[in-house]
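Novice: Please find one structure pasted underneath; my questions will follow.
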Amino acid sequence: RAGVLDALGERTYGGAAPGTAVKRDLLFGKETRSQMERMRAQAEQARFRTIWVAVISLLVTIISISNALLMSVTERIREIGTMKCLGALSAFIRRMFLIESAFIGFAGSVMGMALGAAIPLLIYGWIFGFALMLGEISYLRFALACAGCVIVGTVLSMVAAIYPANFAARMVPASALRTNV
């Protein structure tokens, strides 16, 4: 059984023996267009799911960092009370926790970026060969992606620290010193 792919639907094919059919499929017909539309819609859905998963994971990250910093605040209630009794302003306490979260976020982001870059590079290098892989990398995009990861991680940790820093800054020194945590 013969098959022909054709870009035009109105062409006729001669030379076929009577009784034998030549199967004609359009290369750019309605079926192909609908299939391409379906594939485009599936790609759009996959992109939406990827963005949704990224947003949820960033929210979970912010909540986890905020929880860790709240634990840090509750462990250091007496220290915060002592600093406030010695004259530390609420803005200083707030700034102290924001700077601490920036350092923690920066260190975590650098470690995450290093692992997130090294693991795929090793895997792709092992599968496709390191010379081919290193020759195809856009080093500018790679550096920008790494810098973006570190900046986003640091900023997210500082955003997550806003509530714990305000909580620590609002503490009353006398009640903070009476606490036995």
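Novice: Quick one: dipole size for the stretch 41-158, taken about the Cα centre, charges +1 on Lys/Arg Cβ and -1 on Asp/Glu Cβ, in debye to the nearest 20.
Specialist: 320
Novice: Provide the per-residue ³J(HN,Hα) series for the stretch 59-71, in order, calculated from phi with Karplus coefficients 6.51, -1.76, 1.60 and θ = phi - 60°, each as a whole number of Hz, with x at glycine and proline positions.
Specialist: 5, 4, 5, 4, 5, 5, 5, 4, 5, 5, 6, 5, 5
Novice: Follow-up. Quick one: Karplus J couplings for the stretch 99-115, per residue in order, coefficients 6.51, -1.76, 1.60, θ = phi - 60°, nearest Hz, x for Gly and Pro?
Specialist: Computed from phi, the couplings for the stretch 99-115 are 5, 4, 5, 5, 5, 5, x, 5, 5, x, 5, 5, 5, x, 5, 5, 5 Hz.
Novice: Separate question: For a quick protection proxy, order the peptides 104-115, 86-97 by their average other-Cβ count within 10 Å, most packed first.
Specialist: Ranked from most to least packed, the peptides come out as 104-115, 86-97.
Novice: Here's another thing I want to ask about it. Over 5 Å intervals from 0, what percent of Cα-Cα pairs in the stretch 80-162 sits in each interval?
Specialist: Bins of 5 Å from zero give 3, 14, 16, 15, 12, 10, 8, 7, 5, 4, 3, 2, 1 percent of pairs.
Novice: At q = 0.17 Å⁻¹, what log₁₀ I(q)/I(0) does the stretch 29-83 have when each alpha carbon counts as one equal point scatterer in the Debye sum?
Specialist: Ignoring solvent entirely, the Cα scatterers give -0.70.
Novice: Taking the Cα atoms of the stretch 31-181 alone, what are Rg (to one decimal) and Dmax (as a whole number) in Å?
Specialist: Expressed in Å, the Cα Rg and Dmax of the stretch 31-181 come to 22.7, 78.
Novice: Kindly report the accessible area of the stretch 88-147 per residue (heavy atoms of protein chains, probe 1.4 Å, no ligands, DNA or RNA), in Å².
Specialist: Heavy-atom SASA per residue in the stretch 88-147 reads 71 Å².
Novice: Go through 120-129, 49-58, 147-156 and give me the packing order, highest mean Cβ count within 10 Å leading.
Specialist: Averaged packing, sorted descending, gives the order 147-156, 120-129, 49-58.
The values are calculated or read from the model by the stated rules, or taken from the named source; none is laboratory data. Bear in mind the structure is a predicted one, so any value in this text is a computation, not a measurement. FYI the Cβ positions are ideal-geometry reconstructions off the backbone, even for glycines, and counts take in every protein chain you see. Ligands, DNA and RNA are excluded from the accessible area calculation, which covers all protein heavy atoms including side chains. Shrake-Rupley method; radii C 1.70, N 1.55, O 1.52, S 1.80 Å.
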